[in-house]
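Chemist: The structure follows.
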Amino acid sequence: AVSNEEKAAVYAAMAHDFRGTGHWYYCENGHPFTIGECGTPMETSQCPQCGSPVGGQDHQAVSSVRRATDLE
């Protein structure tokens with residue numbers, strides 16, 4: 001598992017290297033992922049850790065995804 005401190009370090013590195021991070025989300029099983037640019041989903045995919053649906057269409061996340069407000 002990744003600690004909150006490790007997640008914060010990744011977020012800070014992305015903010016510096018990419019000049020913006022979009023937004024962080026959790027899949028239905030609690031695995032974190034990020035969506036860049038505007039931070040809202042434009043396509044669906046699968047969580048690389050568990051295969052759950054992630055992302056969404058037309059700026060609307062799939063129903064099982066929740067915003068990771070603790071990372072932002």
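The values are calculated or read from the model by the stated rules, or taken from the named source; none is laboratory data. The structure displayed is predicted, hence computed values, not measured ones. Backbone-built Cβ (ideal geometry, glycine too); neighbour counts: all protein chains shown. With ligands, DNA and RNA removed, areas are computed over all heavy atoms of the protein, side chains included. Shrake-Rupley method; radii C 1.70, N 1.55, O 1.52, S 1.80 Å.
Chemist: Is it true that some residue in the range 51-65 is loosely packed, with under 12 Cβ neighbours inside 10 Å, touching a strand residue (DSSP E or B) at 6+ places or on another chain (Cβ under 8 Å) and in a loop (DSSP other than H, G, I, E, B)?
Modeler: no
Chemist: Restricting attention to the range 21-37, and to residues there that are more than 14 Å from ALA8 (Cα to Cα) and either open to solvent by 50 Å² or more (accessible area, probe 1.4 Å) or assigned to a strand (DSSP E or B) (or both), which single residue is modelled with the lowest pLDDT?
Modeler: In this case the residue turns out to be GLU37.
Chemist: How many residues are surrounded by 12 or more Cβ atoms within 10 Å (Cβ to Cβ), in a loop (DSSP other than H, G, I, E, B) and more than 9 Å from the chain's Cα centre (by Cα) if we restrict to the range 38-50?
Modeler: 6
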